[in-house]
Amino acid sequence: MPRSRFSGVLSTPRVDVIIDMGNPFLNLSLDGFLKIGTVGALRVAAEESYDCVRAGSISTHKAEHTLKKMCKEGAYWGTVAGVYVGMEYGVERIRDKRDWKNALIGGAITGALISAASNNNKDKVMVDAITGGAIATAAKFLNYLT
């Protein structure tokens, strides 16, 4: 049965949202979706707020446009993150190893899936798979440094 819990500490930038879906794959995918989707939505909010301050005004139309854009970007960023986290976890379970190669494979699969869903160009899908793998591997190596 799904359960949820929210916890956070003001002294650290870490916020944990725990929603138990009864399956680790679903838990991790949903967690990635929520956290990174929030980052995507907040990015849009900051960008649009800057535009309003620069212009010196805000309208109802602009506020509605901003809210729609926040939802769209948040959903896109969250979907990419949820797919990546799920793929990395799945690769880890299949390989029965926890190392940087899971990030590489998970990132490549995610890049290919997201690209294939948005275009039919095979070369673009391959380039996006390579890019996804490279970004995920670089992020994993950066995590090892800290």
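Please treat every number below as a calculation from the coordinates, not as lab data. Remember, predicted model here, so these are calculated numbers, not experimental data. Ideal geometry is used to build each Cβ from the backbone, glycine not excepted, and the neighbour counts take in all protein chains shown.
Computed from label points 7 Å out along Cα-Cβ, the spacing between Asn119 and Ser57 is 3.9 nm.
May I ask for the Rg/Rh ratio of region 37-91, computed from Cα atoms with Rh as the Kirkwood radius, given to two decimals? Expressed as Rg/Rh, it is 1.19.
Over all directions, the projected convex hull of the C-alpha atoms in the chain averages 12.3 nm² in area.
Highest mobility in the GNM of the chain, judged by mean-square fluctuation with C-alpha springs under 10 Å and restricted to Ala46, Ala112, Ala75, is found for Ala46. Among the lysines of the chain, pairs that are 8 or more positions apart or on different chains and have alpha carbons within less than 16 Å of each other number 4.
Label sites at Ala134 and Leu67, each approximated as a point 7 angstrom past Cα along Cα to Cβ, lie 4.0 nm apart.
Reducing region 84-146 and region 26-59 to their Cα centroids gives an inter-centroid distance of 24 Å. Which of these, Met21, Met87, Met70, has the largest mean-square fluctuation under a Gaussian network model of the chain (Cα springs below 10 Å)? Among Met21, Met87, Met70, the largest mean-square fluctuation in the Gaussian network model of the chain belongs to Met21. Extension gain for the segment Arg98 to Val127, taken as residue separation times 0.36 nm less the Cα-Cα distance, is 7.9 nm to one decimal.
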